[in-house]
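One structure is given below, encoded as structure tokens.
The values are calculated or read from the model by the stated rules, or taken from the named source; none is laboratory data. Bear in mind the structure is a predicted one, so any value in this text is a computation, not a measurement. Here the Cβ positions follow ideal geometry from the backbone for every residue, glycine too, while neighbour counts run over all protein chains shown.
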Amino acid sequence: MKKKISVSLIVVFLLMVFSGHVYANEVQMPPDAAMQTQTPDEKYDGLVKIDGYYYFYQNGKAVKNVFKTVKIGSKNYYFYFTNSGKALTNTLKAISISGKKYYYYFGKDGKALVNTLKQIKIKNKKYYYYFKSDGKALVNSFKAVTVSGKKCYFYFKGDGKSITNTFKTIVRDGNRYYYYFGSTGKAVTNTLKYLKVGKHKYYYYFGSRAKAITNTFKYFKLKGKRTYFYFDSTGKAIKNTLKKIKGYYYYFGSNGKALINKFKKIKSGKNTNYYYFASRARAVVNTIKKIKIGKKNCYYYFGKYAKAVKNTFKKIKVGKKYCYYYFTQNARAFTSGIKKVKVKGRYYYYFFQKNGRAFCGGYKSVKNSKNTDYYYFLTNGRAFTNGLKSLKIGGKNAIFFFTSSGKAYTGGLKNVTVNGGHYYYYFKNNGWAYTGGLLSVNISNTNYIMFFENDGKAVQNQFKTVNSATYYFGNDARAVTGFQIINGNQYYFDNLGIMCVDSFRVVGNFLCYFNSQGILYRKIDTNAKMVALTYDDGPSPATSTILNTLEQNHAAATFFVVGNRVGSYASTVKRAYSLGCEIGNHTFSHTILTSTGAATISSQISQTNSAVLSVTGVAPTIMRPPGGSYNSTVQSTVGMPIILWSLDTLDWKTRDAGSTISAVLSRIKDGDIVLMHDLYTQTAMASQTIIPTLIRQGYQLVTVSELAACRGGISKGVVYSSLRK
């Protein structure tokens, strides 16, 4: 059945023909022409909508399998007419134009979508396409599209599909940008992503415009905690890298996250450095830090450039005070030990405690594998060296000498220079100087007596009396022994260094007498001849004459004094004693002891002893009974040796100086004890000849006790007439 063609359509068509605007693939129609609906029986031309579908008739026939651009009004529309002539609807179609394939999407009205983002399902998977103003799908291009009021970013491949789950580098205007397109094809925004790029995974942060941020330091809250990243020029979060950012150092680990509250060893070429990254991921600087490594607390100092310092002595303010540390080759603070440290070109010794701090301002005992050493550390931590130091330890004063290594000198004698003088000190095994007493000191396997004052100095070049014993300590501070000439006087010191005082001493072949000052007064050769001149019944005025002769000839005699005369001649008795003469006991009142009892004997003896003691300070040790009378009672009561004589001059009888001289010189023998009396002037005169003559004859004039000492000694209660060999 034929259908009528509207007059208006014919007019339009004729106008198009005559104006030259009808082409094989392009037809221009008035805007309302495409809206006309025809029936199949009518004859059409151009774009016709029949039963809701578009057709395009040309020369009365519907075109088939043809892509057409139809201009309606001022706007182009694009159609694809299928094998049936119908305009393709709701379909993505690849169309070759001039040998090049393009993709279009024809909507429900058959028109190709233009300037439109379209999500299309292909084989159960959805893809976004963007159709440009010419209807062609955008390919190999990045596009920002506003979707539901929000700008979204896509990248469309060569087939027009949006890429999905893909990291993509896009170059625009010579610049490279980095994006990640998610499962929907949209580029993620404001999102941190951990992506595998190449063989490795990296964190990227895609900002509000979907671009991966670059050359940017940024933190994110992950699991409620701040996590820091640095994104490099390619957008990657850098890994295994130390980075200085705005004056701070950060270390980004193997996953790109900045270390937080972590200690890190970082190798750089042949060097190994150590850092600590704090709560905000910044490496600490100018900070001492305790770090537990294994079970051990270690201390590090992170310097100006965040590196832990190595092989460095450091003064560090901790709280309100300064502390001193030494950091070793592995950057750890040296702990629990003595360390020799070079500071400003000089070496010092320090003791570093378990907390790494140098011990300051005090005495310190330090145990080592073999023993204990002792040190004193100044307030700057340096060990006191090369000097004496007086310290108070446990309430006691102690003196130490600290050596060049800072150790207290122990277990020996030390010569120390103090204010230009040289002094000896003895330091015990605990380092304390021995003070205030005598000490036997072993020097080269020989023991020497030394005396140390309260200040620890050994006495040198002076006498020292200790517990009634007198010593002389030489320039080497050792107690001298044997004969010594000191200040022009001769002294004798025994093997213990004790000076002989007020006593006889056999030294080799000599019997020596030392006075109360220890000065050698007399020296007797025990192998030479000797006799003892004795004088009874004095003292008297004649005694002084005899003493003058003895003094002039450096000789000695024995005076057996009558006790009741001592007081009247006290100065004479005292002089006799001071000249080295011996004072013997001749009873108190010249009593014949054999005619009395023990009580009287004892009284006679004790009274005389007291009288002599009060004058000389020494009581007699020998006695001679008046008249030479003795018996067993006398022997058992007097309590001392009884001295008689071997040569009686009978001066008491002759009272003649010549007779007395003759009696002595004609009969004298070695070991004789000569009896004379100092009551008589004649005897004193005789002595002026006898004494020098005997000396010229080679006799030594000695006291009875001296003679006895040279001839084997004498005993209490025993009677002696001579002491011959």
Only listed residue being of a type outside the set (Ser, Thr, Tyr) and touching a residue at least 60 places away in the same chain (Cβ under 8 Å), chosen from Val612, Val634, Val618: Val618
Qualifying residues in the range 508-522 (those that are buried (at least 16 other Cβ atoms within 10 Å of the Cβ) and without any contact (Cβ under 8 Å) to a residue 40 or more places away in the chain) - the one farthest from the chain's Cα centre (by Cα): Phe510
Residue within the range 117-125 that is of a type in the set (S, T, N, Q) and either more than 24 Å from Lys101 (Cα to Cα) or surrounded by fewer than 15 Cβ atoms within 10 Å (Cβ to Cβ) (or both) present: yes
Members of the range 96-120 found to be at pLDDT 95 or above, among the hydrophobic types (A, V, I, L, M, F, W, C) and closer than 12 Å to Lys136 by Cβ, listed by number: Ala112, Leu113, Val114
Which numbered condition Gly381 misses (of (1) surrounded by fewer than 19 Cβ atoms within 10 Å (Cβ to Cβ); (2) touching a strand residue (DSSP E or B) at 6+ places or on another chain (Cβ under 8 Å)): (1)
Residue in the range 330-343 that is closer than 21 Å to Thr241 by Cβ and not acidic (Asp, Glu) present: yes
Hits in the range 418-476 - residues which are under 19 Å from Tyr376 (Cβ atoms) and exposed (fewer than 12 other Cβ atoms within 10 Å of the Cβ): Asn429
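Can you name every one of the helices (runs of 4 or more DSSP H) wholly within the range 630-725 that holds 1 or more residues which are among the hydrophobic types (A, V, I, L, M, F, W, C), modelled with pLDDT of 95 or more and surrounded by 19 or more Cβ atoms within 10 Å (Cβ to Cβ)?
In the range 630-725, the matching helices (runs of 4 or more DSSP H) lie at 632-637, 657-667, 681-696, 704-710.
Of all the residues that make up the range 206-229, how many are assigned to a strand (DSSP E or B) and touching a Gly at 6+ places or on another chain (Cβ under 8 Å)?
We begin by selecting, within the range 206-229, every residue assigned to a strand (DSSP E or B); these are 206, 212, 216-222, 225-229.
Cutting the leftovers down to touching a Gly at 6+ places or on another chain (Cβ under 8 Å) gives us 212, 229.
Qualifying residue count for the region: 2.
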Residue identified as surrounded by fewer than 23 Cβ atoms within 10 Å (Cβ to Cβ), among the β-branched types (Val, Ile, Thr) and either assigned by the TED database to the domain that holds Lys669 or in contact (Cβ under 8 Å) with a residue 24 or more places away in the chain (or both) among Thr558, Thr596, Thr534: Thr596
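Kindly establish whether Tyr202 is under 60 Å from the mean Cα position of the chain (by Cα) and at pLDDT 95 or above.
On the way: under 60 Å from the mean Cα position of the chain (by Cα): yes; at pLDDT 95 or above: yes.
Taking the combined requirement at face value, the residue satisfies it.
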Some residue of the range 475-485 being closer than 24 Å to Tyr349 by Cα and in a strand (DSSP E or B): no
